[in-house]
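Report on one structure; see the data block that follows.
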């Protein structure tokens, strides 16, 4: 009788999201994640360790998507602790949820940036939650946190696990059943570039400014609620304008994401997590009654929160002392968040990847400076304008 063949984990690169479920579930630790020529990570099986149990193939949620959830309730929301929100990318909702869970003795899992600018998921308790705050526009390695989360759940601890929708679906498939002490939160995801490209961008940024990058923030609230970031280089803070720097520019145009992102099955109203979190872009159009005198200060950031399950809605109610929620609709939230309706689109992705294969990030930097860079000064000025002034200027053109 012949030995069963080693499982084929994916048929094409667009069918693997690198959530890590296959790696976490393998009883023989035969699955590892290896980078392709552009730096995107894919699972590989060590045939000498594989026992052909097939669990790695069966656990793949991305290839067998079946998400029954649909929106239960949608809110515009801000953290009542404004200092907490000031350290967050938008309204501080994740930070408030995490603080609530940790105060109950629970464990929070989320993405954290390491000193070498790699991004990995890790477990945090009350004294270390700050490392999970803020946006990270590169794929986070979940490493063995699915196993860690399961161990905490089995010990009776309350767990909050946050990540991209594919990571949450991967976690739930790995767990194999619902846990009453598990709360999940996915983000409105615009697709994920990879860590190698990001670290090479960091290196080029340091060279351009004559020093090593000591700290990087994708979105800096000191510049205002928006998509502009900053870096600390040689002890000085440098502003990184979303349309005035190569990596943010390519990312925002959908040209750096992994192949699976362009066919993402979660970019819709059927979300795998209990809660979906993001920025309430366009709130000035959808809910002007929530802003202005006596309302929220738009410059401090406002979140959209979609409760996809009754568990998520109930937990929001428990957090009323920490979160100020106002009713909205999924349609209004989706009006300013395209990835609640469809996957990211990248018209020049193939060209960008080939340029990277040929010359690394330096080639992409040169391409940016030659083709886009002359626009960056105008983009920078536009990025600096307060949102209220932008709206007035736009209205004046009509």
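The values are calculated or read from the model by the stated rules, or taken from the named source; none is laboratory data. Remember, predicted model here, so these are calculated numbers, not experimental data. Quick reminder, even Gly has a Cβ in these numbers, built from the backbone with ideal geometry, and neighbours come from all protein chains shown.
Starting from residues that are in a helix (DSSP H, G or I) and in contact with a strand residue (DSSP E or B) (Cβ under 7 Å, 6 or more places away or on another chain), keep the ones in segment 197-256 and report whichever is surrounded by the fewest Cβ atoms within 10 Å (Cβ to Cβ). I'd like the intermediate steps shown before the answer.
Restricting attention to segment 197-256, the residues satisfying the condition of being in a helix (DSSP H, G or I) are 197-208, 246-252.
If we keep only those that are in contact with a strand residue (DSSP E or B) (Cβ under 7 Å, 6 or more places away or on another chain) too, we end up with 202, 205-206, 248.
Details: 202: 19, 205: 22, 206: 17, 248: 21.
If we take residues in segment 197-256 being in a helix (DSSP H, G or I) and in contact with a strand residue (DSSP E or B) (Cβ under 7 Å, 6 or more places away or on another chain), then 206 is surrounded by the fewest Cβ atoms within 10 Å (Cβ to Cβ).
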Query - Breaking point among (1) assigned by TED's automatic domain parsing to the domain that holds residue 162; (2) buried (at least 18 other Cβ atoms within 10 Å of the Cβ), for residue 104 - result: (2)
Query - Which listed residue, of 67, 51, 31, is in contact (Cβ under 8 Å) with a residue 24 or more places away in the chain and under 30 Å from residue 323 (Cβ atoms) - result: 67
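Considering only residues that are touching a helix residue (DSSP H, G or I) at 6+ places or on another chain (Cβ under 8 Å) and either modelled with pLDDT under 95 or part of a strand (DSSP E or B) (or both), which ones fall in segment 282-294? Don't jump to the end; show me each part of the working.
Of all residues in segment 282-294, those touching a helix residue (DSSP H, G or I) at 6+ places or on another chain (Cβ under 8 Å) come to 282-287, 290-291.
291 - this is the single residue of segment 282-294 that is touching a helix residue (DSSP H, G or I) at 6+ places or on another chain (Cβ under 8 Å) and either modelled with pLDDT under 95 or part of a strand (DSSP E or B) (or both).
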Report task. Could you list, in sequence order, all residues of segment 295-306 that are outside any helix (DSSP H, G or I), in contact (Cβ under 8 Å) with a residue 24 or more places away in the chain and either surrounded by fewer than 18 Cβ atoms within 10 Å (Cβ to Cβ) or within 21 Å of the chain's Cα centre (by Cα) (or both)? Result -> 301, 302, 303, 304, 305, 306
Query - Those residues of segment 307-333 which are free of Cβ contacts under 8 Å to residues at least 12 places away in the same chain and either over 14 Å from residue 77 (Cα atoms) or assigned to a helix (DSSP H, G or I) (or both), in sequence order - result: 314, 317, 331
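State yes or no: is residue 39 within 22 Å of residue 139 (Cα to Cα) and not assigned by TED's automatic domain parsing to the domain that holds residue 271? Working first, answer last.
Working: within 22 Å of residue 139 (Cα to Cα): yes; not assigned by TED's automatic domain parsing to the domain that holds residue 271: yes.
Here the answer is yes, as residue 39 does meet what is asked.
With part of a strand (DSSP E or B) and touching a helix residue (DSSP H, G or I) at 6+ places or on another chain (Cβ under 6 Å) as the only criterion, which of 364, 277 stands out?
Working: 364 fails: part of a strand (DSSP E or B).
Answer to the selection: 277.
Conditions (1) closer than 30 Å to residue 39 by Cα; (2) in contact with a strand residue (DSSP E or B) (Cβ under 8 Å, 6 or more places away or on another chain), marked per residue:
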| position | (1), (2) |
| --- | --- |
| 90 | yes, yes |
| 100 | no, no |
| 117 | yes, yes |
| 146 | yes, no |
| 171 | yes, yes |
Query raised in the report: Does residue 62 qualify as being in contact with a strand residue (DSSP E or B) (Cβ under 8 Å, 6 or more places away or on another chain) and within 23 Å of residue 306 (Cα to Cα)?
Result: no
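Among residues belonging to segment 57-79 that are over 30 Å from residue 4 (Cα atoms) and at pLDDT below 95, point out the one that is surrounded by the most Cβ atoms within 10 Å (Cβ to Cβ). Walk me through how you get there before you give the answer.
Just the residues of segment 57-79 that are over 30 Å from residue 4 (Cα atoms), to begin with: 67-79.
Then keep just the ones that are at pLDDT below 95; that gives 67-70.
Numbers: 67: 19, 68: 8, 69: 17, 70: 13.
Step by step, filter segment 57-79, then rank; the result is 67.
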Report summary line: Restricting segment 213-237 to residues that are touching a helix residue (DSSP H, G or I) at 6+ places or on another chain (Cβ under 8 Å) and closer than 24 Å to residue 367 by Cα, the one modelled with the lowest pLDDT turns out to be 227
Query raised in the report: Of the residues that make up segment 337-352, is at least one closer than 30 Å to residue 70 by Cβ, at pLDDT 95 or above, crowded, with 19+ Cβ neighbours inside 10 Å and in contact with a strand residue (DSSP E or B) (Cβ under 7 Å, 6 or more places away or on another chain)?
Result: yes
